[in-house]
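In what follows, a single structure is set out as structure tokens and then discussed.
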Amino acid sequence: AKMQQDGVWIRVLVHLTAVIDVFSRAIVGAVMSARDPDAFTTAHALRMAILPKEREGWVARGVPERLVLDNGKDFASTRVAAFGAALGIDLHYCRPRSPNEKPHIERFFGTLTKELLPLLPGYKHGTDRGDAWSTGRIDKLLTVPQLRETVLDWIHDEYHKHARGESKR
């Protein structure tokens, strides 16, 4: 993605923090940001997971009883622990390098990586990953808000249909 810094467009790496409802396989919270994941983005994703959504048909699931979290520093922070304690949520942290402890979210990220990301300009594992993204090519990249909307649209319009077992268009 790209963003303006001091009036100049620059290429930025965007991070996605997502929350999945294991029962329905629905992504109930998703935050995309050009900043490194931290307690703030994690809390923001959890807030999105709990509160009603702006998009029709994207239901809120309410306050969960339990959250299974990655062991990264953005999840294993005092702020996230305080957030969980304030809402009465049992926080379970996976062991490092244990994707089998969180298969549902890993499957979501795999599907996103396979089905959507390769279609986007500037995807770092795409066919043009070895090419330099000169200022002349920056204009082809999506802005961070455009990328956010593209990913949220895909989650809502495509992934949720597939996750619920409905046929794809």
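The values are calculated or read from the model by the stated rules, or taken from the named source; none is laboratory data. Small disclaimer: the values here were computed from a predicted structure and weren't measured. Every residue, glycine as well, gets a Cβ built from its backbone with ideal geometry; the counts of neighbours run over all protein chains shown. Areas reflect the complete protein model, heavy atoms only, side chains present, ligands, DNA and RNA absent. Shrake-Rupley method; radii C 1.70, N 1.55, O 1.52, S 1.80 Å.
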**OP:** Mind pulling the per residue volume of the convex hull built on the Cα atoms of the range 14-154? Å³ is fine.
**Re:** 126
Subject >> Residue-normalised accessible area of the range 41-121, given per residue in Å² at a 1.4 Å probe >> reply: 63
**OP:** Pairs of Cα atoms under 8 Å, at least six residues apart: use those to get the relative contact order of the chain, whole percent.
**Re:** 24
Original post:
In the range 10-116, which trypsin sites (Lys or Arg not before Pro) are in a loop and have at most 13 other Cβ atoms within 10 Å, using DSSP for the loop call?
Top reply: Arg35, Arg55, Lys73, Arg97
Original post:
chymotrypsin sites (Phe, Trp or Tyr not before Pro), restricted to the range 1-84: which are DSSP loop and have at most 15 other Cβ atoms within 10 Å?
Top reply: Phe23
Original post:
What value does the range 9-88 have for Rg/Rh, both radii from Cα atoms and Rh as Kirkwood defines it?
Top reply: 0.98
**OP:** Would you list, by chain and number, the lysines whose Cα falls below 24 Å from the Cα of Lys2, excluding same-chain residues fewer than 8 positions away?
**Re:** Lys114, Lys124, Lys140
